[in-house]
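*Asks:* Once you've had a glance at the structure underneath, I'll fire off some questions.
The values are calculated or read from the model by the stated rules, or taken from the named source; none is laboratory data. These numbers come from a predicted model, not from an experiment. Positions of Cβ are generated from backbone atoms using ideal geometry, with glycine treated the same way; all protein chains shown enter the neighbour counts. Only protein heavy atoms, including side chains, enter the accessible area calculation; ligands, DNA and RNA are left aside. Shrake-Rupley method; radii C 1.70, N 1.55, O 1.52, S 1.80 Å.
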Amino acid sequence: MENEAGCGEVLRDEKGVTRSLFSRPIKAMGSKMAELMAIKTALEMYIGMEWHVKVPLTIEFSSCVTMEWLLERNYRLWTLWNLFISIDRCINQLVRVYFAFDHRQCNDLTDALVKAG
């Protein structure tokens with residue numbers, strides 16, 4: 001089905017050790033929406049594990065567009081507004097957050113999770 005996608009993320013601690021991961025199928029309208037949904041899920045897991053009060057979070061993006069949407073509200077699609085609101089609420093709970101661009105071929109574990117979705 002064209003609206004189905006895989007969603008997966010890896011949560012690592014400050015030393016880069018994998019602490020949690022997830023993968024699941026989702027209903028998404030394109031890869032950008034799928035990446036946003038994965039970020040939202042990862043943020044919720046991170047907060048649920050209570051890391052948000054102790055450890056800074058680095059969010060790695062495989063899409064420059066997705067990163068731009070989160071950093072610059074004027075570029076956000078109104079059709080995804082509720083998703084952005086949920087992500088913003090999570091980010092506002094973090095002690096510190098960093099954003100980084102990650103070339104897709106460098107993130108083999110996340111790719112494998114998405115494909116397994």
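*Asks:* For GLU60, are the conditions met, namely being open to solvent by 50 Å² or more (accessible area, probe 1.4 Å), under 19 Å from LEU11 (Cβ atoms) and in contact with a Phe, Trp or Tyr (Cβ under 9 Å, 6 or more places away or on another chain)?
*Replies:* Considered against the rule, which asks whether it is open to solvent by 50 Å² or more (accessible area, probe 1.4 Å), under 19 Å from LEU11 (Cβ atoms) and in contact with a Phe, Trp or Tyr (Cβ under 9 Å, 6 or more places away or on another chain), GLU60 comes out as yes.
*Asks:* Please go through the stretch 54-67 and give me each residue that is of a type in the set (A, V, I, L, M) and in a loop (DSSP other than H, G, I, E, B), ordered by number.
*Replies:* Scanning the stretch 54-67 gives a single hit, VAL55.
*Asks:* Can I ask one more? Look through LEU36, LEU70, LEU94 and report the one residue that is outside any helix (DSSP H, G or I), closer than 19 Å to VAL10 by Cβ and at pLDDT 85 or above.
*Replies:* Testing whether each residue is outside any helix (DSSP H, G or I), closer than 19 Å to VAL10 by Cβ and at pLDDT 85 or above leaves just LEU94.
*Asks:* Can LYS15 be described as open to solvent by 50 Å² or more (accessible area, probe 1.4 Å) and assigned to a loop (DSSP other than H, G, I, E, B)?
*Replies:* yes
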